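Here the structure is laid out as structure tokens; the discussion comes afterwards.
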Amino acid sequence: MINKFEGEPNLNSSESNLNETGTDINAEKLEVEGSEKQEIKQPELLPEEQLKNLEDGIGTKGQEITKLTESIEGTKSELDEARGELGLPPMEDEPPNTASDKEKLEKLQAERDALEKQKEELVSQQEKGNLIKEEKEKILQEKLDELFKEFEGFNPGDLKSILNKGKTKEGKNVESNSMGELDPEVAKSLAKAFEEGIKLLPEIIKNLPELFKKFDEDLTKEAMERVDKKLEEQKKEEKPEESRPEEKSETIEDKIPPVGEIKKESNFIEGMPIENPKG
């Protein structure tokens, strides 16, 4: 007799498969969610925060290195003491039971060195960034000085128009040899600073804080070129002079005077004077 359930799906089996499948799906979801979480970028730390983290890491590694070094030395000292009681000399090689600790120590030292290198690079970048910032300010001040010289050459009508509208009498934007075509608002503010005798960048920036942003790209490019050039020159100055031909160390041959300078009265062989043969 054919079982009426033959050929029909096994509900228990199906349910079991669903449970298994459901578990797999949940696991996959967790994996995907986990990977998505990992892909979320953490907010970039400020240079000061990066530097502090590196210094903390270097300090921690240093403490671990000190502790492990003391442990290795303590183990060796105890072993040498025990050997001494047995009348044996201290071990010349490292004790076998400290080999694992030695490997850990080398690893810690390598990790600390890597952190110190990162710190050095970060500090170097910060220093370069500060130099670029200073150079940008210097360049902008140079451009402003040139612009104010140009303002001195403008006729009173044009200068008045720039003060009122930020444009020339003809309604054109101000064209500067040092700063290019000026936005009317920028031209107006700079003309006002010129008229009031304010010519230094810090004071001008107070009234025109957007000035850097308007010229930032060009300023940054020029400042980076200048800083790179200065740093390159600095490296050349710091680079030790090409090794000069080493002075020959004085040898026995150097101590022997030229033939013409040897006294004719006597020669010395093995410390014994021998009179020169008479002609």
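Taking the stretch 156-166 as the range and being in contact with a Phe, Trp or Tyr (Cβ under 7 Å, 6 or more places away or on another chain) and either of a type in the set (D, E, K, R) or surrounded by fewer than 15 Cβ atoms within 10 Å (Cβ to Cβ) (or both) as the test, no residue passes.
Considering Ala110, Ala99, the condition of being part of a helix (DSSP H, G or I), under 37 Å from the mean Cα position of the chain (by Cα), at pLDDT below 90 and among the aliphatic types (A, V, I, L, M) is satisfied by Ala99 alone. Can you find a residue in the stretch 199-216 that is more than 13 Å from Leu140 (Cβ to Cβ), charged (D, E, K, R) and assigned to a loop (DSSP other than H, G, I, E, B)? Checking the stretch 199-216: not a single residue is more than 13 Å from Leu140 (Cβ to Cβ), charged (D, E, K, R) and assigned to a loop (DSSP other than H, G, I, E, B). Scanning the stretch 101-143 for residues that are in contact with a helix residue (DSSP H, G or I) (Cβ under 6 Å, 6 or more places away or on another chain), over 30 Å from Val227 (Cβ atoms) and among the hydrophobic types (A, V, I, L, M, F, W, C) yields Leu105, Leu108.
Just a yes or no: is a residue in the stretch 186-206 small (Gly, Ala, Ser), on the phi > 0 side of the Ramachandran plot and surrounded by fewer than 13 Cβ atoms within 10 Å (Cβ to Cβ)? Taking every residue of the stretch 186-206 in turn, at least one turns out to be small (Gly, Ala, Ser), on the phi > 0 side of the Ramachandran plot and surrounded by fewer than 13 Cβ atoms within 10 Å (Cβ to Cβ). Looking only at residues in the stretch 220-236 that are of a type in the set (A, V, I, L, M) and at pLDDT 90 or above, the one that is nearest to Glu146 (Cα to Cα) is Ala223.
Please go through the stretch 54-82 and give me each residue that is under 15 Å from Asp101 (Cβ atoms) and hydroxyl-bearing (Ser, Thr, Tyr), ordered by number. Hits for the stretch 54-82 are Thr66, Thr69, Ser71, Thr75, Ser77. Looking only at the stretch 82-101, decide whether some residue is in contact (Cβ under 8 Å) with a residue 24 or more places away in the chain and either more than 30 Å from Glu49 (Cα to Cα) or surrounded by 14 or more Cβ atoms within 10 Å (Cβ to Cβ) (or both). Taking every residue of the stretch 82-101 in turn, at least one turns out to be in contact (Cβ under 8 Å) with a residue 24 or more places away in the chain and either more than 30 Å from Glu49 (Cα to Cα) or surrounded by 14 or more Cβ atoms within 10 Å (Cβ to Cβ) (or both).
This table checks each residue for (1) surrounded by 12 or more Cβ atoms within 10 Å (Cβ to Cβ); (2) at pLDDT 90 or above; (3) not assigned by TED's automatic domain parsing to the domain that holds Pro209.
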| site | (1), (2), (3) |
| --- | --- |
| Ala114 | yes, yes, yes |
| Lys117 | no, yes, yes |
| Lys136 | yes, yes, no |
| Leu144 | yes, yes, no |
| Glu150 | yes, yes, no |
| Phe154 | yes, no, no |
| Thr168 | yes, no, no |
| Gly171 | no, no, no |
| Pro184 | yes, yes, no |
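The values are calculated or read from the model by the stated rules, or taken from the named source; none is laboratory data. Note that the structure is predicted; figures quoted are calculated from it, not measured. Reconstructed Cβ throughout: ideal geometry from the backbone, glycine too, with neighbour counts over all protein chains shown.
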